[in-house]
Amino acid sequence: MPTPMNRLEQLLRSPSVRAILDQDLEACALDIDQAIGLPPACYTDAEFYEFEKEVIFRKEWLCVGREAQIPNQGDWFSITIVEEPLVIVRAEPHRILALSAVCRHRARVITALEDLPPDQWTCPPAESSGNSQRFRCPYHFWVYDLEGRLRSAPEMSRTPGFETSEIALPSFRVETWNGFIFVNFDEHADPLAPRLHQFTDWIENWHLTDMELGDRGEIADLPWNWKVMHENSIESYHSDRLHRGLHESVPSGGVIATPFHDDDAVIATRIRASLRDYSLNPTYHALLPVIDTLTDEQRETSYFGVIPPTLLLGMNTDSALYRLVYPTGPQHINVKFGNLFPRGDAHSRRGREIRKMTTAGLLVMTSQDFPTDAAVQKGLRSRYAPRSRYSWQEEPLAHLNRWLVQRYRSVHSR
Ligand code: FES
Ligand SMILES: [Fe+2]
């Protein structure tokens, strides 16, 4: 009997996916002085996005948030990544689980709220959070414990062969690094932390695990591809141009060439700052006390890293910021963001005021980046969209390309 084709095999037969994979992708992954851009269809094609879901989002470590969001046993939050509803729960004081939030009965998302106002009755369920010792599906009251095991199911005793003890919510691998929680749908994936190499060393003195989580936010439905977002975040070429006058503390020419190894799980970049104790805010200077464990070199260097496909992390000398990028389609993303501050600074009155200033300052930069991202996406849909060469100041893009092409080629040889 022929076995049914799995999703990946189907996608590899898609004409649009094949048309991309048959192109010279290796040219994107060359060193920066030789590399060219990805085929534009990588950013727009619906079936290629489905292919990326299979070879990237179902294989790689996906950052879902901070450990500080669930400090106590029983704390949980829900999140949806590539259409998979998950609940992230602290099942024991030192054990975080990632469970499917889809009820094993008739698939209601167990964390989707009840008692909604009429204008939300037909909306996609919002994400939620809470503290519980169990999850009860509101539909027919099947009850799961924090490990995801089904503990009770009303009126199922007359159903022959139904064994409560055999039923559980699927559970996925979890790894934590520097206070960030990562989930992986692939039970065979290599651990993340050993593949972060030098980036972990670069930022070690910030002691991110101990930092306090400041304001968090979310922007839904931004109209560009997930890779456009990361590319804009990690290349410095545009800093002196698009942000001219605003980015002087971390200029384009300060980029320091950085090696990329084939097993790297981070696209890391360093930029020599033009002043000591820089910070990305309207004053350019650190507003909170500079983190006292930083070396002289760290006080004069800006460090950014993308741990694809979801996390961007940037360091300031008095704080850190992160951004989580979740595609909802080939040309749309949701973005969550947050700030990290040395303990004690985030919630002081002065700290709150400074956070407001910092956020307002970053908004100016965002007001230049976001319209550009939208305009790039529009350009990528054009039949005249280019596969251009790069400037030396865009080296992280060649590294990101290499990371991507490794995964695109992992299932397809030309
Ligand atoms: S769908 Fe969850 S109990 Fe029926
Ligand atoms: Fe920018």
query: Using θ = phi - 60° and the Karplus form 6.51 cos²θ - 1.76 cosθ + 1.60, what ³J(HN,Hα) does each residue of the range 74-88 get, whole Hz, x for Gly and Pro?
result: x, 5, 8, 9, 9, 7, 10, 10, 6, 6, 9, x, 10, 10, 9
field: Built amide H within the under 5 Å cut-off of Ile81, gap 5+
entry: Leu86
Sparse-neighbourhood loop sites, trypsin sites (Lys or Arg not before Pro) in the range 1-100 - DSSP loop, at most 12 other Cβ within 10 angstrom: Arg13
- prompt: In whole Hz, what ³J(HN,Hα) sequence does the range 325-342 give by Karplus (6.51, -1.76, 1.60; θ = phi - 60°), x for Gly and Pro?
  reply: 10, 10, x, 10, x, x, 10, 9, 9, 10, 10, 10, 9, x, 10, 10, 10, x
task: Starting from the Cα coordinates of the range 292-403, work out the convex hull volume and express it per residue in Å³.
output: 148
task: Go through the chain and flag any cysteine with no other cysteine's C-beta closer than 4.7 Å, please.
output: Cys28, Cys42, Cys63, Cys123
- prompt: By a straight-distance test (C-alpha under 19 Å), which lysines pair with Lys53 as possible cross-link partners, with residues fewer than eight away in the same chain excluded?
  reply: Lys227
query: So what is the relative contact order of the range 110-257, in percent, for Cα pairs below 8 Å that sit 6 or more residues apart?
result: 10
statement: Mean-square fluctuation maximum in Gaussian network of the chain, Cα pairs under 10 Å, restricted to Leu242, Leu62, Leu311, hits Leu242
- prompt: What is the spin-label model distance, in nm, from Phe162 to Asp31 if the labels are put 7 Å beyond Cα along the C-beta direction?
  reply: 6.6
message: Per residue of the range 257-270, what does 6.51 cos²θ - 1.76 cosθ + 1.60 with θ = phi - 60° give for ³J(HN,Hα)? Whole Hz please, x for Gly and Pro, Karplus curve as stated.
response: 4, 10, x, 10, 9, 4, 9, 5, 10, 9, 9, 9, 9, 10
field: Efficiency of FRET between Gln198 and Arg350 - r from beta-carbon atoms, R0 41 angstrom, step 0.05
entry: 0.75
query: Label points 7 Å out from Cα along the Cβ direction at Lys378 and Arg343: separation in nm?
result: 4.9
message: Give me the base-10 log of I(q)/I(0) for the chain at each q in 0.10, 0.15 Å⁻¹, Debye formula, one uniform scatterer per Cα, rounded to two decimals.
response: -0.74, -1.52
query: Between Leu275 and Thr293, how many nm apart are label points set 7 Å from Cα along the C-beta direction?
result: 2.7
task: Sort Glu114, Glu127 so the one with the fewest other Cβ atoms within 10 Å of its own Cβ comes first.
output: Glu114, Glu127
- line: Ordered by fewest other Cβ atoms within 10 Å, a rough proxy for footprinting exposure, Trp76, Trp226 read Trp76, Trp226
query: Which cross-chain or sequence-distant (5 or more) residues have an amide H under 5 Å from the amide H of Val109, H modelled 1.01 Å from N in plane?
result: Cys103
statement: Among GluC sites (Glu not before Pro) in the range 156-204, those in a DSSP loop whose Cβ has at most 15 other Cβ atoms within 10 Å are Glu163, Glu187
statement: Residues whose built amide H sits under 5 Å from the amide H of Ala273, excluding neighbours closer than 5 in sequence, are Thr301, Ser302
- line: 1/(1 + (r/R0)^6) with r = Cβ-Cβ of Val405 and Glu9, R0 = 25 Å, i.e. FRET efficiency to nearest 0.05, evaluates to 0.75
message: Counting other beta carbons within 10 Å of each residue's own, what order do Tyr43, Tyr303, Tyr390 fall into, fewest first?
response: Tyr303, Tyr390, Tyr43
message: Can you give the FRET efficiency to the nearest 0.05 for Thr283 and Arg241, using r as the Cβ-Cβ distance and R₀ = 22 Å?
response: 0.50
Whole-angstrom gap from the range 119-157 to the range 378-414, using each part's C-alpha centre: 42
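Read-outs throughout are calculated quantities, based only on the coordinates presented, and are distinct from any laboratory measurement. These numbers come from a predicted model, not from an experiment. Backbone-built Cβ (ideal geometry, glycine too); neighbour counts: all protein chains shown.
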